[in-house]
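Below is one structure; the comments refer to it alone.
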Amino acid sequence: MSVLDAAPLLHRVARPRRFLMCRPEHFDVTYAINPWMDPTRPVDRALALAQWDGLRAAYQALGHQVEVLPALAGLPDMVFAANGALVVGGRALGARFAFPQRADEALAHAAWLAGHGVEVVVAEHLNEGEGDFVVVGDVVLAGTGYRTDPGAHAEAAAVLGVEVVSLELVDPRFYHLDTCLAALDDHNVAYYPGAFSQAGLQLLRERYPDAVLASAHDAQVLGLNFVSDGRHVLIDPDAVELSAHLAQAGYVPVPVALCELRKAGGGIKCCTLELRA
């Protein structure tokens, strides 16, 4: 019997989700705005497309709905759809990107969301959507330190009517919260302790005493940039130890390779914006 077969699965319940994704038709690394990006390193776009198609197929096989945001030329990072907004209760706080190379992505997201019945509020403060906002049940954990302005945390709370808890990031490799912390369900998370300030770490320990902790290696392969539906965890196959810990906690790891997109500092969650009704 495998570890997955032996895991206590009965108390983990999957919930169907609706996601927005953007196919990497123009994916490239032509500039460097995070420590992962090296414009001198070749990009295999065909592989990126194949891996993205595999992620979409995995979501659909699990019963999740996937909407597709049309890709626009000149926006190579548009594949990272999670960064375009935060959607809660059918209302969205639009992104306001820190770097000009990505600014037009916010407009594309806002137009798509508005065209599909979502009220979009234009942000006053810098924020990069679900890159720095992680929804855990009725709470939004919010990262700051590299991309998202602390003022955006109060803005998100006011616009979306949710409790927002601020966490300071201190390691530039983990420039977005979703690179070092992920929601497992409405009550628990997984995270890498080394990415947070002491105050943030203490807060996480108090709120989530049963959190699944990741090693430095698994964080460095973006293992925490995963998506969970409450039971199934779509995760990078290189995060071997983290996958084992999740299985021991009763979740079902579903390995999905996105190593080509990792060249731009993104993974599974970066490619996935949840559309919460």
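Each row is one residue, and each column tells you yes or no for (1) within 18 Å of the chain's Cα centre (by Cα); (2) closer than 28 Å to residue 28 by Cβ.
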| position | (1), (2) |
| --- | --- |
| 88 | yes, no |
| 92 | yes, yes |
| 107 | no, yes |
| 117 | no, no |
| 121 | no, no |
Report, by residue number, each residue of the range 72-111 that is within 28 Å of residue 232 (Cα to Cα), among the hydrophobic types (A, V, I, L, M, F, W, C) and in contact (Cβ under 8 Å) with a residue 40 or more places away in the chain. 78, 79, 80, 81, 82, 85, 86, 87, 88, 93
Would the range 19-30 turn up any residue that is part of a helix (DSSP H, G or I), surrounded by 12 or more Cβ atoms within 10 Å (Cβ to Cβ) and under 19 Å from the mean Cα position of the chain (by Cα)? no
For the range 238-270, what are the residues that are acidic (Asp, Glu) and not in a helix (DSSP H, G or I)? 238, 260
Hey, does the range 228-236 have a residue that's hydroxyl-bearing (Ser, Thr, Tyr) and in contact with a Leu (Cβ under 6 Å, 6 or more places away or on another chain)? yes
Enumeration of residues in the range 116-136 that are assigned to a strand (DSSP E or B) and farther than 19 Å from residue 103 by Cβ: 119, 134, 135, 136
When you look at residue 254, is it farther than 21 Å from residue 21 by Cβ, modelled with pLDDT of 95 or more and of a type in the set (Val, Ile, Thr), yes or no? no
Subset of the range 195-214 (residues that are among the small types (Gly, Ala, Ser) and crowded, with 17+ Cβ neighbours inside 10 Å): 195, 200, 211, 214
In this structure, does residue 136 turn out to be at pLDDT 95 or above, of a type in the set (Val, Ile, Thr) and more than 26 Å from residue 36 (Cβ to Cβ)? no
Could you tell me whether residue 56 is assigned to a loop (DSSP other than H, G, I, E, B), modelled with pLDDT of 95 or more and touching a Lys or Arg at 6+ places or on another chain (Cβ under 9 Å)? no
For the range 143-154, does any single residue satisfy the condition of being more than 25 Å from residue 264 (Cα to Cα) and either surrounded by 22 or more Cβ atoms within 10 Å (Cβ to Cβ) or aromatic (Phe, Trp, Tyr) (or both)? yes
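The values are calculated or read from the model by the stated rules, or taken from the named source; none is laboratory data. Note that this is a predicted model, so its numbers are computed, not measured. Quick reminder, even Gly has a Cβ in these numbers, built from the backbone with ideal geometry, and neighbours come from all protein chains shown.
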